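Visitor: Sharing a structure here in structure tokens format.
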Amino acid sequence: MTAPPRDYRLLVPRDWFRIDLVQDRWRAQLKTFVDHQAKGRNVPAETMREVWTTLRNTAEAGVRNGALEFFLRPELDDGTILPATLIVSLIPRPGALAPPALRDTLEAREARSGRDAEVSVMVLPAGETVRVLTPTTMDLYVQMPGGVGYLVMAFAVPLSDVTGPMHRLCASMAESLRWIR
């Protein structure tokens, strides 16, 4: 059996704003992102509050579920701030389900939810991965070496969808994942 990794490395483009969810200062970092995206644009205050609230709620839910990092890439549509996001989470579960069994579990969950999701198993350089793909999201559950659980990369792309160039970008980021031993 392979030893569990000490950490991971993920390459993310420079135009994606990183928020460290492990630190208590993530709310201030999130506010900086929202303020920076609105600067010099005619963005209504109500829109800024809505974006801030949505992103804050997303980050808080992520923190409750083991999220480590939150990346944001602005996508502008008629002055509205709608960021593409990536949340990286750790699901530590020694003896966790193998990817085919996890795929079956996630497939059943998606069928119950009624979302139009495609669930599959694929291999990334970092290991066997379960992918859940919808028109605007791509969740990748990468099995960690040593059978200690999964690292989850949850991409959400509300404007341009997870297709075309954005799909290739998200896939490239996922393929860059490496374990540090």
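The values are calculated or read from the model by the stated rules, or taken from the named source; none is laboratory data. Keep in mind that what you see is a predicted model, and the values were worked out from it rather than measured. In this analysis, Cβ positions are derived from the backbone assuming ideal geometry, glycine residues included, and neighbour counts consider all displayed protein chains. These accessible areas exclude ligands, DNA and RNA; they are computed on the full protein's heavy atoms, side chains included. Shrake-Rupley method; radii C 1.70, N 1.55, O 1.52, S 1.80 Å.
Visitor: Quick one: angle between helix 99-113 and the longest Cα principal axis of the chain, in degrees between 0 and 90, rounded to 10, please.
Guide: That works out to roughly 50 degrees.
Visitor: Now, a different point. Toward the positive end of the charge dipole of the chain, about the Cα centre and with charges on Cβ (Lys, Arg +1; Asp, Glu -1), which of Thr54, Phe70, Leu102 goes farthest?
Guide: Value computed over the given set: Phe70.
Visitor: For the stretch 97-115 and the stretch 37-65, what is the separation of their C-alpha centers, rounded to whole Å?
Guide: When both Cα centres are located, 30 Å separates them.
Visitor: Keeping every protein chain present and rolling a 1.4 Å probe, give me the accessible area per residue for the stretch 1-47 in Å².
Guide: 74 Å²
Visitor: Could I ask something else about it? Leaving out ligands, DNA and RNA, and with a 1.4 Å probe, what % of the accessible surface on the stretch 95-181 is carbon or sulfur?
Guide: Carbon and sulfur together cover 56 percent of it.
Visitor: Still on this structure, please answer the following. If one takes the longest principal axis of the Cα atoms in the chain, at what angle in degrees, from 0 to 90 and to the nearest 10, does the Cα axis of helix 164-175 lie?
Guide: Helix 164-175 sits roughly 50 degrees off the main axis of the chain.
Visitor: Another question, if that's okay. Divide by every residue of the chain the summed helix terms, -39500 (n - 2.57) for each DSSP H run of at least 4, and state the resulting mean residue ellipticity at 222 nm, rounded to the nearest 500 deg cm²/dmol.
Guide: Numbers: 4 runs with 60 residues, N = 181.
Theoretical 222 nm ellipticity from helices: -11000 deg cm²/dmol.
Visitor: Another question about this same structure. Size of the dipole of the chain about the Cα centre, Lys and Arg at +1 and Asp and Glu at -1 on the beta carbon, nothing else charged, in debye to 20? Please report the intermediate quantities before stating the final value.
Guide: Numbers: 22 positive and 21 negative charges, 122 e Å.
Here the chain has a charge dipole of around 580 debye.
Visitor: Next question, about the same structure. Helix 45-64 sits at what angle to the longest principal axis of the chain, using alpha carbons and giving 0 to 90 degrees rounded to 10?
Guide: Here the helix axis deviates by roughly 20 degrees.
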